[in-house]
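Here's the structure we're looking at; comments come further down.
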């Protein structure tokens with residue numbers, strides 16, 4: 001087999017240590033084993049204009065003897081297995097695997113001339129190691145064996161034992177788990193457990209670009225613990241924006257918005273209101289619950305979301321499952337707000353009993369939320385468990401709401417679950433993890449005396465926008481060329497976007513209020529259209545409607561679509 005040797009570094013190059021142009025799609029930064037541009041696996045020697053990732057020199061081709069997997073030999077068996085199993089895979093996992101099979105399998109090299117790795121236990125290959133993606137999946141079995149000597153019960157089960165096997169990964173690792181590893185297991189003829197669910201995600205980007213550890217762009221695990229933010233906030237946000245069907249981005253401003261709106265104002269607010277009310281008026285003891293129409297309506301809504309939550313987790317749609325938890329919390333907040341137990345508790349004896357029902361049911365919903373949160377926010381669940389004075393892990397979910405906290409149960413001491421993230425913290429974190437070098441395109445044309453790094457409040461940003469706007473007007477009135485004032489306009493637009501994000505992070509508007517505003521604005525636009533007003537009068541109202549819809553999408557964590565459709569140029573016949 002031919003391999004790439006870097007004469008400058010004096011070593012054969014591992015696949016990830018060589019980059020070049022993809023021979024299939026011409027993507028210029030393809031790696032030696034795979035192209036991120038088109039998703040195809042390639043051999044390093046197939047790269048056009050290869051370069052060593054360490055020294056950037058051009059490597060030379062050298063021949064050496066290697067071991068190969070004869071993939072075509074079991075191609076028919078693999079095809080049959082994929083047809084039967086692929087229905088429970090994520091869409092991108094199916095597409096990637098089908099693409100491989102459609103092109104036809106080829107023999108795949110599984111050894112390398114490297115010093116680091118698992119040595120090949122054959123006499124003529126002692127100087128070589130196994131290719132990492134040949135031996136890495138075997139590690140799933142070896143880890144099981146370290147955990148228990150009875151590991152074969154899972155990996156080579158009896159005929160009457162049913163095992164369900166899930167795999168979670170980024171989409172670039174799909175072929176190793178849907179083609180290479182299954183082929184190895186088939187070939188042993190030892191009845192190993194095959195994967196049932198391959199759940200592959202798309203890519204998570206960072207702000208307006210990509211994560212890059214070498215350039216210091218983005219926050220990584222070793223840095224996250226030093227940010228001062230709780231681990232559960234990172235867990236929540238990463239699952240909220242999990243790229244299950246399309247690429248998504250990690251944004252500090254959005255993280256603050258989601259923390260302040262969904263965790264603090266929604267989930268945390270409901271839990272703390274319910275438990276604090278119980279502590280203040282019922283001495284921490286769950287009262288009797290007497291269900292009426294409003295309670296049955298609430299339970300119907302919660303049951304609907306609970307059933308959907310269980311269905312989403314069965315399908316490994318973790319992001320949708322998290323949204324359903326937040327939906328149940330919103331139902332609870334709306335229920336308490338409508339019932340007004342703080343008013344009922346001051347009324348007649350019957351109204352006090354009614355207040356007890358509202359709070360007793362709300363506290364049971366808090367416990368339900370904690371049970372549902374276990375796969376997402378373990379630290380928060382432990383805190384809620386202590387506040388409820390109960391072991392959350394002892395409960396199992398079914399399709400109906402259960403009584404977790406019976407009348408007479410005494411809870412512990414309530415306390416707020418989450419803290420607000422201020423815009424100043426967002427700016428600090430964004431600057432800290434922006435990378436070692438500034439990108440030239442991010443240099444902003446600022447009005448004299450302005451420095452965005454010093455702006456930490458909404459008021460300061462509004463004042464800066466006013467000053468930037470004055471600068472733009474002065475440049476235009478002075479007759480300056482477009483090339484002179486246009487950069488200042490772009491900066492002004494960026495500042496206005498930042499202001500919107502700061503406002504959301506500081507005082508997040510509720511989804512219900514946004515939906516109501518959108519409904520009112522939509523009615524206004526329709527009436528203006530019916531009245532056939534001038535475009536100059538109509539367009540600002542349409543722009544406002546688009547802005548409101550964009551805010552709603554941001555609040556719900558849904559990718560914002562471009563509201564302006566490009567006009568297609570007529571094609572010449």
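We did not get these values from a lab; they are worked out from the coordinates using the rules stated. Given the structure is predicted, the values throughout are model-derived calculations rather than measurements. Here the Cβ positions follow ideal geometry from the backbone for every residue, glycine too, while neighbour counts run over all protein chains shown.
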For this session: Kindly put 189, 75 in sequence by how many other C-beta atoms sit within 10 Å of each C-beta, fewest to most.
Result: 189, 75
Problem set entry | Peptides ranked, highest mean first, by Cβ atoms within 10 Å: ranges 303-311, 236-244 | 236-244, 303-311
Exercise. Going 7 Å from the Cα of residue 8 toward and past its Cβ, which residues in segment 42-65 have a backbone nitrogen under 11 Å from where you end up?
Worked result: 51-59
Exercise. Looking at the P(r) of segment 1-53, how many percent of alpha-carbon pairs lie beyond 19 Å?
Worked result: 18 percent
Exercise. If we sort 54-60, 381-387 on the protection proxy, mean other Cβ atoms within 10 Å, highest first, what's the order?
Worked result: 381-387, 54-60
For this session: Consider all pairwise Cα distances in segment 113-198 and report the whole-number % of them above 16 Å.
Result: 63 percent
Seminar exercise, completed: Label model pair residue 382, residue 395: point-to-point distance (7 angstrom along the Cα→beta-carbon line) in nm is 1.9 nm
Problem set entry | the chain, helix-only ellipticity at 222 nm - DSSP H runs n ≥ 4, -39,500 (n - 2.57), divided by all residues, nearest 500 | -15000 deg cm²/dmol
Seminar exercise, completed: In whole µm²/s, the translational diffusion coefficient that Stokes-Einstein assigns to segment 237-322, given a Kirkwood hydrodynamic radius over C-alpha pairs, 20 °C and 1.002 mPa s, equals 135 µm²/s
Exercise. Fewest to most neighbouring Cβ within 10 Å: what's the order for 421, 138, 289?
Worked result: 138, 289, 421
Problem set entry | Range of Cα positions in the chain per principal axis (Å), largest first | 90, 80, 54
Exercise. Taking N as the number of residues in segment 265-410, what is its Cα Rg relative to 2.2 N^0.38 Å?
Worked result: 1.00
Problem set entry | Anisotropy class of segment 1-128 from Cα gyration tensor, a/c 1.5 cut | oblate
Problem set entry | Gained length - residue 45 relative to residue 462, 0.36 nm times residue gap less alpha-carbon distance | 144.5 nm
Problem set entry | Of all DSSP beta bridges in the chain, antiparallel share, percent nearest 5 | 70 percent
Exercise. For segment 157-265, how big is the tail of P(r) above 21 Å, as a whole percent of Cα pairs?
Worked result: 53 percent
Exercise. Which percentage, to the nearest 5, of the DSSP beta bridges contained in segment 69-201 is antiparallel?
Worked result: 45 percent
Exercise. Among 42-48, 429-435, what's the highest-first ranking by average C-beta atoms within 10 angstrom per residue?
Worked result: 42-48, 429-435
